Structures are given as structure tokens and as C-alpha cells.
Amino acid sequence: MSKTGQALKGSLTKVMLGAALLGALQGCVPLVMGGAALGAAATMDRRTLGAQTEDKSITVKAEVQIPKIVGDAGHVNIASFNRKVLLTGEVRDEAMKAKVEAEVRRIENVVSVINELAIAGPSSYTSRSSDALITTNVKASLVEMKTISATSFKVVTERGTVYLMGRVTQREGDLGAKIAQSVSGVQRVVKIFEYITEEELRTQYPQSSTVAL
């Protein structure tokens, strides 16, 4: 193997090891730290504990019901934040798209549904892998920006489109969208935020408050 090939192989190995380590840290640290880690994460979340619990319940119920409608004719991703559900992915036709939305709306505690389902065949493994990488890179870029709270953003990527959810100020939302747009591979950014004021940020969420730019 040439020196160039060896160098590329070494770089690729580092990237893969780094990704594996990140996954291990994300998956294992809460197990090691137990309730303390989970408690800290819940505290940093700007949703109430009740909303966090209901979002998990909504997601589980939707993930059980939607495959019964879609089958092999598409794939649907569900993201629930503060009882608002984002649907992304692909379905066979408009009738299936409407049926999926109607099913989700029937789930207890769902406040609204943002239906971004595309009429198309199921996306490829390559496309989904690319979306997962984009999501990881957007999250990492948000963490690097010290003037906003990365934990206040929920990031979903579908076919190169990044959807940003969260309870943020206008300043945080605009900056978060700008950061996401700068990530390689991002085609567009869609903001699905619940906006709060800077005063609310300082008084209600002092643990995630940051210095304004």
C-alpha cells in the first residue's frame, strides 16, 4: 500500500474510532452515572418533566401504529417535542400521507402535527446514513457555539433538510439555524421553534441561559 493510502486508512480509522467513542459515551455515561445524569439532562431540558414523558409516550405509540399503515411502501420518522409531532420520511401517496397524520393526531396529548412526509419511495441506506452524519455534525456545531444552549435544540435531518425544534429565543433560533446551514451536506434548514423571550430565558431557565451576542 502506498504512503498516501496508508495515511487515508489511518485517518479513516481515527474517524471511525471517534464515532464509536462518541456513541459509547452517549450510550454508557448515563448508565454509569445513573439517576444523576438523567436528572441533569432533564433539568437542562426546557420542557416540563410531564412534557418530556408525554413526548416519549407519543413517539412510542406512533412507532407502533404507523408501520401498520405504511408497511413496505415507505418509511416514517417521528419526532415529538413539547407534544408537537414532526413527521418526516417518505410514503406512497397523498392518501397514505393523510392517513399517517390522522393516526398521529389521534394519539393522546398530541397538540399539533407538522407533516413533512414526501411522496416518494423509501430513501436508501446511503441517504439515511448521510442524514445521520449531518445530524451528528449539526449537534456538534451547536455544542461548539458557547453563546447558545445546544441542549435546547432537537435536530432532525431528512434528505439533507435539517429540522430544528426547541424552546428558544429568537436570537438562539436564528443563530442555531445559521450554524446548521453552515454544516456540509445541509440543503436547507426548517425552523419549528417555540419562541420564548430573553427575559423568560433568564428567569425560567438560568441553568441554560447564555450571554447574548
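The values are calculated or read from the model by the stated rules, or taken from the named source; none is laboratory data. Remember, predicted model here, so these are calculated numbers, not experimental data. Here the Cβ is made from the backbone with ideal geometry for all residues, glycine too, and neighbour counts use every protein chain on show. Just the protein is used for accessible areas: all its heavy atoms, side chains included, with ligands, DNA and RNA removed. Shrake-Rupley method; radii C 1.70, N 1.55, O 1.52, S 1.80 Å.
Side notes on the structure shown:
- Residues in the stretch 72-84 that are buried (at least 16 other Cβ atoms within 10 Å of the Cβ) and not in a strand (DSSP E or B): G74, N82, R83.
- Matching residues, the stretch 157-171, being in contact with a Phe, Trp or Tyr (Cβ under 8 Å, 6 or more places away or on another chain) and either under 23 Å from E200 (Cα atoms) or open to solvent by 20 Å² or more (accessible area, probe 1.4 Å) (or both): L164, M165, G166, R167, V168, T169, Q170
- Inter-residue pairs, beta-carbon under 7 Å, first under 18 Å from T136 (Cα atoms) and in the stretch 169-181, second aliphatic (A, V, I, L, M) and assigned to a helix (DSSP H, G or I), 6+ apart: G176/L142; I179/L142; A180/V138
- Residues of the stretch 141-154 that are in contact with a strand residue (DSSP E or B) (Cβ under 6 Å, 6 or more places away or on another chain) and without any contact (Cβ under 8 Å) to a residue 60 or more places away in the chain: F153 alone.
- Selection of the stretch 189-213 for residues being at pLDDT below 75, among the β-branched types (V, I, T) and open to solvent by 70 Å² or more (accessible area, probe 1.4 Å) yields only V211.
- A single entry from L142, L49, L133, L87 fulfils the requirement of being surrounded by fewer than 20 Cβ atoms within 10 Å (Cβ to Cβ), on the phi < 0 side of the Ramachandran plot and within 14 Å of the chain's Cα centre (by Cα): L133.
- Matching residues in the stretch 109-118 - criterion: being in a loop (DSSP other than H, G, I, E, B) and touching a helix residue (DSSP H, G or I) at 6+ places or on another chain (Cβ under 8 Å): N109, V110, L117
- Among the candidates E54, E90, E63, E103, the residue that is among the acidic types (D, E) and part of a strand (DSSP E or B) is uniquely E90.
- Test: residue in the stretch 113-122 that is open to solvent by 70 Å² or more (accessible area, probe 1.4 Å), without any contact (Cβ under 8 Å) to a residue 40 or more places away in the chain and of a type in the set (A, V, I, L, M): yes
- Flag if K97 is touching a strand residue (DSSP E or B) at 6+ places or on another chain (Cβ under 7 Å) and within 19 Å of G173 (Cβ to Cβ): no
- The selection criterion, being modelled with pLDDT under 95, open to solvent by less than 40 Å² (accessible area, probe 1.4 Å) and closer than 17 Å to K191 by Cα, holds for S149.
- Whether a residue is charged (D, E, K, R), free of Cβ contacts under 8 Å to residues at least 24 places away in the same chain and open to solvent by 30 Å² or more (accessible area, probe 1.4 Å) was assessed, and E101 passes this test.
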